[in-house]
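One structure below.
The values are calculated or read from the model by the stated rules, or taken from the named source; none is laboratory data. What you see is a predicted model; the values in this text were computed from it and never measured. Note that each Cβ is placed from the backbone with ideal geometry, even for glycine, and that neighbours are counted across all protein chains shown. In case anyone asks, the SASA skips ligands and DNA or RNA and just uses the protein heavy atoms, side chains included. Shrake-Rupley method; radii C 1.70, N 1.55, O 1.52, S 1.80 Å.
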Amino acid sequence: MKVYLVIGDADMGKSSVLRHLVAFSNGNGKSIRTKTLATIHGTIEIGFYGYQALQEHGTLPQEFIDLVNDQFKKELPDNLILALRLNATKGNKTVQACPDAEEYIKAFIAEGWKILSAVLDGSGKATYPKHWNAKSVLSRPPKPQDSVPTNKVADDVRKYFGW
């Protein structure tokens, strides 16, 4: 299974970019919905869990892997798109603390999933571990006047993903 990741810190536009990429009307974070998505090469079937990062749902790496395996007992989807927080979350009364993106990516790779990551950041020039298979995408620079419109960020991510 190929897993497309949109990674970033809080308020970097992960959810907005996902909305532009997949145009699902609802993502509840309780099950994975699939949709046919048009790309420049035709169409792909893609699974979608929700607009929020897995950490914001309070879903740990192995919990998510188990959810995927339980929901798709016979055959995993070919493609899945998710958001991850770059850094770990502390949790609160309703959501448990969760690790950083690295822990999720290591667990997904150990499961045999192929990773392709777009990391939203304020410079568009950051580098990440090779196994992330990542590209840095300029999202929300430190100066608000330099902000990049979400549709442009989504277009950059779409191109990187080969869509």
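Structure above, values below:
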quantity: Residue satisfying all of: in region 37-86; part of a strand (DSSP E or B) and open to solvent by 70 Å² or more (accessible area, probe 1.4 Å); nearest to Ile115 (Cα to Cα) among these; calculated: Glu45
quantity: Subset of region 59-100 that is charged (D, E, K, R) and within 15 Å of the chain's Cα centre (by Cα) - its residue that is nearest to His20 (Cα to Cα); calculated: Arg85
quantity: Extreme residue, surrounded by the most Cβ atoms within 10 Å (Cβ to Cβ), among residues of region 14-27 that are touching a strand residue (DSSP E or B) at 6+ places or on another chain (Cβ under 6 Å) and at pLDDT below 90; calculated: Gly27
quantity: Where Ile40 falls short, out of the listed (1) at pLDDT 90 or above; (2) closer than 28 Å to Ala126 by Cα; calculated: (1)
quantity: Count - residues of region 112-142 that are among the polar types (S, T, N, Q) and open to solvent by 70 Å² or more (accessible area, probe 1.4 Å); calculated: 2
quantity: Close pairs (9 angstrom Cβ cut-off, 6 or more residues apart or separate chains): hydroxyl-bearing (Ser, Thr, Tyr) in region 85-114, surrounded by 14 or more Cβ atoms within 10 Å (Cβ to Cβ) and assigned to a helix (DSSP H, G or I) anywhere; calculated: Thr89/Gln55; Thr89/Glu56; Tyr104/Leu54; Tyr104/Gln55; Tyr104/Pro61; Tyr104/Phe64
quantity: Of all residues making up region 30-58, the number that are in contact (Cβ under 8 Å) with a residue 12 or more places away in the chain, over 11 Å from the mean Cα position of the chain (by Cα) and on the phi > 0 side of the Ramachandran plot; calculated: 1
quantity: Selection from region 90-111 of residues that are of a type in the set (A, V, I, L, M, F, W, C) and surrounded by 16 or more Cβ atoms within 10 Å (Cβ to Cβ); calculated: Cys98, Ala101, Ile105, Ala107, Phe108
quantity: Residue that is modelled with the lowest pLDDT, among those in region 148-163 that are surrounded by fewer than 15 Cβ atoms within 10 Å (Cβ to Cβ) and farther than 21 Å from Ile105 by Cβ; calculated: Pro149
